[in-house]
Amino acid sequence: MALEARALEGSRQISRRLFMKAVGTVAGTAAFAPNATAQAPPGRPAEPSSTVTSPPRDFTPGAPPVTYVDPDVITVDPLFNGYRQGNTPIKRLWTGALWSEGPAWSGQGRYLVWSDIPNNRQLRWLEDDGSVTVFRSPSNNSNGNTFDFQGRQLSCEHLTRRVVRYEHDGSVTIIADSYNGKRLNSPNDIVPHPDGSYWFTDPPYGGQLYEGAPDAPGGPSNRAGRRKPRLGQPPEIGNMKRELPTSVYRVDPGGRLDLVIREDQLPDPNGLVFSPDYKKLYVISTGPGPGDTGPGGKRDMYVFDVGADNKLSNPKLFSDFMVDGIKCGPDGARCDVDGNVWVSSNGAPGGRALGYSGVTVWTPEGKLIGRIRLPEVCGNLCFGGPKRHTPRGPSGFLMEKRFSGGSGTWDTPAYTVKGSNITPDRETGIGTWSDSEISRSLTDGVRPSGAPLAPQMPYAFYKILTPRDLDAVVAYMRSVASVRNAVPPPVYKAAMHAELVPGAVKPFTDEALRDPITRGFYLATIAHCMECHGRRPDGVQDYKHALGKGGYVFSGPWGAAVTPNITPHPKSGIGAWTDAEIKRALTHGVSRDGRAFQQPMARQIYFSRMIDADLDAIVAWLRTIPPIE
């Protein structure tokens, strides 16, 4: 929520709709648009129009001409040039909201969702055709949105003063609505953690008619009782009063709500974001809201250390967002993969400092390196993009370079490797490989030269591929776009070895796959399920004695995740689960009791695309595994 706008309303009673039409990157709805050319002084070449020229730049979709580098993407420090895309302009994708907030990108659905808070709706932009439609209405005046590691949308609702999760089957789960028996204020922004927890801020900004509902008569935002919180609302709305100070909370995977930042540590918390390694938490502190009696925050950002016990410590001022003497008031933020912090900017109250609204970009040390100017205030921003053999940029995976490798690095005592370039590029990819050489790399784990592939290439699980399926994979790899991207060669420090799955050491036939149990084994092997569930606690794969037993601990940014027992044992395994519960675990990423799986078991994005017959086959095969306690 941009407090500059609220301060302006309080002092002069001017509605934000007078100076906010479409909020560009505000809701992620401005990306990199054609611009016009400003009139030049006599004897000098014309300068491209920008947000600060006269006449100002025309952000109407299709407005010519396009000039590069975009005049409103400003390098403050040369470091920013490595993140700025030089040959694309800012593009306004849509306009028409009253106050856009909470942009979130769905990698699976390939759409952007965001909140139009005063209009009580969520909107969606589709990558397929660029259309914008109403996604949810009413939305309970939702503000912040995000997607968790299982691909489920989380929303902070002002009107109902709660945090909800939209499940894959369309149901809605209330994640948090009260603390110590007292109703939350108006949850604002939320971020997921890989350990399965959710962290959210709870300032008071929804306690008003414009973006939610004021307190019931006598409450801090409606002490005189003149405002009528029930007008135009469902019957259950209008009876709540603010009871809690402004705070930041953590919801653990089991549903327990913990207070992690108190109001006396950071008043009126707003946007928040984790660093890429989840060891830092950045939280924005904005000005006073409805019902506040204190001065509120100073429109700055603090950074906290995140301990292994999820306790926060060592708070430090990250930035006061003074740029050229102008307060670039923050609201929402995101971190890129290098830890740089991208923050929405409202230049002076209400965006009145022309040229200072948009986005500011800061290094992890708090150094300003770049700015993106927009013609209006910016409430929030987000990045998007999925996939593995795909390089990462400051905005996520670079999908125009998918499968060209180079992003992830695996450094072990036995090898150091990066994801390979598997596009058809003839110099840096696999363009010179024959079909048989590609097939051999998939099933035998060797390059045409005979050099081995590291186990990150799960070739031991692909030996089972039928000739037809293997040919289909090769044909697909031939069809992807060729990308030139040289990836450092692997470094091997020991001999490569991959444990073979019993019964899966040679290709299956299409005839054999007509049997459901055989087909289930085939599909589960290709998905390399037992790579994790067939490990002993010491990490050694033991398909003879530990097939499906689980017990291995995976450690990473998500914390520690123990692989569960997926044998049919009635107590230790999934023997008591119904077929429907097992299928739901595969397609929704949740346990029998509804708890979300931790990483790295976040494969529902793949299993959810399988046909029912294939899911039934996997379940049928799982029933045949010898039960192990």
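The values are calculated or read from the model by the stated rules, or taken from the named source; none is laboratory data. This one's a predicted model, so the numbers in the text were calculated from it and none came from an experiment. Cβ: placed from backbone, ideal geometry, glycine included. Neighbour counts: every protein chain shown. Calculation scope for accessible area: heavy atoms of the full protein, side chains included, ligands and nucleic acids excluded. Shrake-Rupley method; radii C 1.70, N 1.55, O 1.52, S 1.80 Å.
Among the listed residues 497, 528, which satisfies the condition of being surrounded by fewer than 18 Cβ atoms within 10 Å (Cβ to Cβ), part of a loop (DSSP other than H, G, I, E, B) and touching a helix residue (DSSP H, G or I) at 6+ places or on another chain (Cβ under 7 Å)?
528
When the residues of segment 91-106 are filtered to those that are open to solvent by 10 Å² or more (accessible area, probe 1.4 Å) and not in a strand (DSSP E or B), which remaining residue is nearest to residue 157 (Cα to Cα)?
Out of the qualifying residues, it is 98.
Could you please let me know if residue 400 is farther than 26 Å from residue 77 by Cα, at pLDDT 90 or above and more than 18 Å from the chain's Cα centre (by Cα)?
The answer is no for residue 400.
Checking the conditions here, which among 187, 245 is buried (at least 24 other Cβ atoms within 10 Å of the Cβ), at pLDDT 95 or above and assigned to a loop (DSSP other than H, G, I, E, B)?
Checking each option against the conditions leaves just 187.
Tell me yes or no: at least one residue of segment 552-568 is modelled with pLDDT under 95, open to solvent by less than 50 Å² (accessible area, probe 1.4 Å) and touching a Phe, Trp or Tyr at 6+ places or on another chain (Cβ under 6 Å).
Yes, segment 552-568 contains a residue that is modelled with pLDDT under 95, open to solvent by less than 50 Å² (accessible area, probe 1.4 Å) and touching a Phe, Trp or Tyr at 6+ places or on another chain (Cβ under 6 Å).
Could you list, ordered by first residue, the pairs with Cβ atoms under 9 Å in which the first is in segment 278-291 and part of a loop (DSSP other than H, G, I, E, B) and the second is of a type in the set (Val, Ile, Thr) and open to solvent by less than 30 Å² (accessible area, probe 1.4 Å), at least 6 apart or interchain?
Between residues of segment 278-291 that are part of a loop (DSSP other than H, G, I, E, B) and residues that are of a type in the set (Val, Ile, Thr) and open to solvent by less than 30 Å² (accessible area, probe 1.4 Å), the close pairs are 278/306; 279/306; 289/246.
Residues in segment 197-209 that are open to solvent by less than 50 Å² (accessible area, probe 1.4 Å) and over 17 Å from residue 272 (Cα atoms): how many?
The number of residues fulfilling the criteria is 3.
From the residues in segment 79-97 that are in contact with a strand residue (DSSP E or B) (Cβ under 6 Å, 6 or more places away or on another chain) and more than 23 Å from residue 370 (Cβ to Cβ), which one is modelled with the highest pLDDT?
Looking at residues that are in contact with a strand residue (DSSP E or B) (Cβ under 6 Å, 6 or more places away or on another chain) and more than 23 Å from residue 370 (Cβ to Cβ), I get 97.
Considering only segment 483-493, how many residues are farther than 19 Å from residue 449 by Cβ and open to solvent by less than 70 Å² (accessible area, probe 1.4 Å)?
2
Given (1) open to solvent by 30 Å² or more (accessible area, probe 1.4 Å); (2) modelled with pLDDT of 95 or more; (3) within 22 Å of residue 368 (Cβ to Cβ), where does residue 337 come up short, assuming only one miss?
(2)
Given the options 415, 476, name the one that is surrounded by 14 or more Cβ atoms within 10 Å (Cβ to Cβ) and farther than 16 Å from residue 527 by Cα.
Within the list 415, 476, the selection yields 415.
Residues that are within 22 Å of residue 233 (Cα to Cα) and of a type in the set (Lys, Arg): does segment 150-159 have at least one?
No - not one qualifying residue is present in segment 150-159.
Restricting to segment 500-522, count the residues that are open to solvent by 30 Å² or more (accessible area, probe 1.4 Å) and farther than 18 Å from residue 626 by Cβ.
Qualifying residue count, segment 500-522: 13.
Can you tell me which residue in segment 593-629 is modelled with the lowest pLDDT, limited to those that are of a type in the set (Gly, Ala, Ser) and under 11 Å from residue 150 (Cβ atoms)?
Per the criteria, the residue is 602.
Do we find that residue 294 is out of contact with any strand residue (DSSP E or B) (no Cβ under 7 Å at 6 or more places or on another chain), over 20 Å from residue 176 (Cα atoms), open to solvent by less than 10 Å² (accessible area, probe 1.4 Å) and at pLDDT below 95 in this structure?
It is false that residue 294 is out of contact with any strand residue (DSSP E or B) (no Cβ under 7 Å at 6 or more places or on another chain), over 20 Å from residue 176 (Cα atoms), open to solvent by less than 10 Å² (accessible area, probe 1.4 Å) and at pLDDT below 95.
Is it the case, given these coordinates, that residue 454 is surrounded by 19 or more Cβ atoms within 10 Å (Cβ to Cβ), assigned to a loop (DSSP other than H, G, I, E, B) and either modelled with pLDDT of 90 or more or within 32 Å of the chain's Cα centre (by Cα) (or both)?
yes
Within segment 340-362, track down each residue that is open to solvent by less than 10 Å² (accessible area, probe 1.4 Å) and either part of a loop (DSSP other than H, G, I, E, B) or touching a His at 6+ places or on another chain (Cβ under 6 Å) (or both).
Scanning segment 340-362 gives 340, 355, 357.
Mind counting the residues in segment 262-275 that are assigned to a loop (DSSP other than H, G, I, E, B) and either open to solvent by less than 60 Å² (accessible area, probe 1.4 Å) or under 13 Å from residue 295 (Cα atoms) (or both)?
Summing the residues that are assigned to a loop (DSSP other than H, G, I, E, B) and either open to solvent by less than 60 Å² (accessible area, probe 1.4 Å) or under 13 Å from residue 295 (Cα atoms) (or both) in segment 262-275 gives 6.
Could you pull out the residue among 88, 60 that is in a loop (DSSP other than H, G, I, E, B) and more than 27 Å from the chain's Cα centre (by Cα)?
Residue meeting the stated conditions: 60.
Only one of 169, 128 is surrounded by fewer than 19 Cβ atoms within 10 Å (Cβ to Cβ), over 24 Å from residue 289 (Cα atoms) and out of contact with any strand residue (DSSP E or B) (no Cβ under 9 Å at 6 or more places or on another chain). Can you tell me which?
After applying the criteria, what remains is 169.
Among the listed residues 393, 384, identify the single one that is at pLDDT below 90, within 19 Å of residue 83 (Cα to Cα) and in contact with a Leu (Cβ under 8 Å, 6 or more places away or on another chain).
Testing whether each residue is at pLDDT below 90, within 19 Å of residue 83 (Cα to Cα) and in contact with a Leu (Cβ under 8 Å, 6 or more places away or on another chain) leaves just 384.
Looking for whichever is open to solvent by less than 40 Å² (accessible area, probe 1.4 Å) and closer than 28 Å to residue 258 by Cβ here; the options are 303, 323, 377. Which one fits?
Testing whether each residue is open to solvent by less than 40 Å² (accessible area, probe 1.4 Å) and closer than 28 Å to residue 258 by Cβ leaves just 303.
What pairs can you find where one residue is in segment 109-137 and β-branched (Val, Ile, Thr), the other is crowded, with 18+ Cβ neighbours inside 10 Å and in a loop (DSSP other than H, G, I, E, B), and their Cβ atoms are less than 7 Å apart, with a gap of 6+ or different chains?
So the pair list comes out as 117/99; 117/141; 117/158; 117/211; 132/94.
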